[in-house]
Amino acid sequence: MKFGKEFASQMVPEWQGAYMDYDYLKTLLKDIHTFNQRTKPQSIPHGLKRSLSMYRAFSGLLIHRHSQHPPTSPPSPDVEEQPILVNSVNRNGSHKVETTFLMQGDKGGEYELVYFRRLDDEFNKVDKFYKSKVAEVTQEAEVLNKQMDALIAFRIKVENPHGWSWQDRSGDLTRLASDVATSTATLAATIPAGARASGRRSVEHMEIIEEGPSVHDESDEDKKDTVNKESGEQNIEKPVGSKFKKHKPAPLQILDRVKMNNTLATPRSTIKVFLNAPKQSDLKFDRENLKRVENKLKRAFVEFYQKLLLLKSYSFLNTLAFSKIMKKYDKIASRNASESYMNMVDSSYLGSSEEVTKLMERVEATFIKHFANSNRSKGMNVLRPKARKQRHTTTFYTGFFAGCTAALIIALILIIRARHILGHDGTDQYMETMFPLYSLFGFIVLHMVMYAGNVYFWRRYRVNYAFIFGFKQGTELGYREVLLVSFGLAVMSLGSVLSNLDMEMDPKTNDYKAFTEIIPLILVVVVFIILFFPFNILYRSSRFFFLTCLFHSILAPLYKVRLPDFFLADQLTSQVQAFRSLEFYVCYYGWGDFRHRENSCKTNDVFNTFSFIVAVIPFWSRLLQCLRRFFEEKDTLQGYNGVKYFITIVALCLRTAYSLNKGLGWEILALVFSVAAAIVGTYWDLVYDWGLLQRHSRNRWLRDRLLVPRKSVYFGAMVLNVLLRFAWLQTVFNFKIFDLHRQTVTTIVASLEIIRRGMWNFFRLENEHLNNVGKYRAFKSVPLPFNYDEDEDEDKNE
């Protein structure tokens, strides 16, 4: 793989604009190369049949790196022979790099001048971004500092409520000091020598995340040590015991300035806020609270460490990119400028800063000690979770189940044709009873296949869907895993359909009609057992994540609305017919109609009443989520979004009423509100969810940034979305499509809505991803367990 593609593949997706524009610099080098080829064609002297490099003097097999009599001073290159001069200038209060090209008089010098100006712009952009991000993580480290002080004091209070006397524990502390010395020596042995050397050479002015008192309580002796290190004097390590005496246990007085930060949004806390009940932020020193605090800080450290990893990768990749592009320049322009420029890069903040590396070492040591019980391998597995490996067995079984699905579909078609089932006397009865039962699985499988397609294209166009949804690293499902589950469910459902038809047509099994009718119920029970299966198999983390989001959506607005919650609720709005199928399951098997294959549900008032409620549940959930966000975030846009769902609820109720009570009045009302809901929903999809129809954007009527290179894809998706939005009008007009049964037409329309939702998913997350890119938002904010009083005072002053 070429470096350009490798460079792009390893970028942090949300920081793409902050990386060096390697491709554009390559185009500038191509311009230089084209000019040189046009003005200076290389010609081999007459009589030489090989390239000129074949006639150069032989340099020998041995490379003498060190001469026996080295010169007293290194030879300095002649300034007149240097093609560039790199300077650091101060403009508008900030230091920037400015390269002076000294060969402007040469032919094509203007092309090289443009190249170096753009190169300087790219370097200044990268260096500035890196400085800002390092400053951010440094501030965050100071916050974690205070959190750790409070945690240690909290831990002491829980484990020894009567206090911890320093004089009484001097013996224990001496033993603890020796343990610390041993663990430090072991840790130092595992660090590469190069890393230790670079750490000794660098200026050690950051001491982040102290495990004893805060860094602000630094003694005069510490300050002297720091001065000695900065002046280059030899620093003699003091005994560990003397160091440990300065780092006494965290003072318990810290807890007097700390309050618990209750960030867990539960129905109980939501109701308390609604009733203006006083918040209980007093500290309760028990092991349950201690465990809760440790879990919160553990997540905060893991997220913080991921930031440091990405920053280190950012620095390394950009430094490597500058090295690669300068080597290309030297090769194309026949200059020797890379050495001078890379010396500047290596000595810059981007290339020489050690803050991130030191922070990583301190975070590792702190996490291993406090959250992994001093088990290094366990702690590092949490800090650096391994990516999910693509297994060949997954691909094999996905293909196997896909083939089985295709074979079962063909077998089903052949059985229907061979036995003339469609012309049978009980066809209408079958379509009114069994078809709604099995269509439920068709809706689920189709939605999962669409989601698998979404995952495939999100990965192809580098949409960071795992970050947007908040999946735990290493647990997100790829499109192969989603297809495996969907095809597995398809095989189960198609197999039950075929067995049902075979048992019904076989005279030997006519006496077992009750068992034949119960096959769909058995399949539903199996699916629910798999979904709630507690053991760590069959993608448990993904199943529980889905159930959590589903629970939050059902109990909206009692839970704080997150993107996965309202995204799932949007998916459920496209599964109205699936909800009605579930309602039919309850009626068909609960009322005992399955024994005689009768459908008395339509004549039941309770069933008809619940037909309204069941169809409205997903839209009602989204309406409540919008209302919560409107009152919580004071965002008027969420209020308008809630109005959209309210209009849809009214239209859906009117369509349901019209299907139960045919009449001109119901038909007109259903038609008017359905058209209004479709128009409002389509406009919201295109403008707010997809971010399109921007008249003055660089891509007219689209948006400034597009991930899919072909604009026709967006215009085609907009047209298709409009057509599929209005497909629901068929339920009002009752169009006859190839003389199909009413249940078949309803299923087709419901399937078209699922396909529309799958298309909507891609562009919705693309727009969300581009919003994150515009804000360089690559991390989630993690709630911390403690609030300091001074932090609250600062917030009030602001």
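The values are calculated or read from the model by the stated rules, or taken from the named source; none is laboratory data. None of these values were measured; they are calculated from a predicted model. Here the Cβ positions follow ideal geometry from the backbone for every residue, glycine too, while neighbour counts run over all protein chains shown.
Structure values in brief
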read-out	value
Criterion: modelled with pLDDT under 95 and part of a helix (DSSP H, G or I) - qualifying residue of Leu297, Leu283, Leu320	Leu297
Those residues of the range 137-169 which are of a type in the set (D, E, K, R), over 18 Å from Lys259 (Cβ atoms) and at pLDDT 90 or above, in sequence order	Glu140, Glu142
Some residue of the range 740-760 being outside any helix (DSSP H, G or I) and farther than 30 Å from Val12 by Cα	yes
Residue in the range 472-495 that is on the phi > 0 side of the Ramachandran plot, at pLDDT below 95 and assigned by TED's automatic domain parsing to the domain that holds Cys549 present	yes
Pick from the range 66-118, criterion out of contact with any strand residue (DSSP E or B) (no Cβ under 7 Å at 6 or more places or on another chain) and among the β-branched types (Val, Ile, Thr), ranking: modelled with the lowest pLDDT	Thr72
Residue in the range 699-706 that is more than 23 Å from Leu572 (Cβ to Cβ) and among the polar types (S, T, N, Q) present	yes
Residue in the range 578-592 that is out of contact with any helix residue (DSSP H, G or I) (no Cβ under 9 Å at 6 or more places or on another chain) and in a helix (DSSP H, G or I) present	yes
Checking Phe763 against (1) part of a helix (DSSP H, G or I); (2) surrounded by fewer than 17 Cβ atoms within 10 Å (Cβ to Cβ); (3) among the aromatic types (Phe, Trp, Tyr); (4) in contact (Cβ under 8 Å) with a residue 24 or more places away in the chain, the condition it does not meet	(2)
Residue within the range 362-370 that is acidic (Asp, Glu), surrounded by 15 or more Cβ atoms within 10 Å (Cβ to Cβ) and in contact (Cβ under 8 Å) with a residue 40 or more places away in the chain present	yes
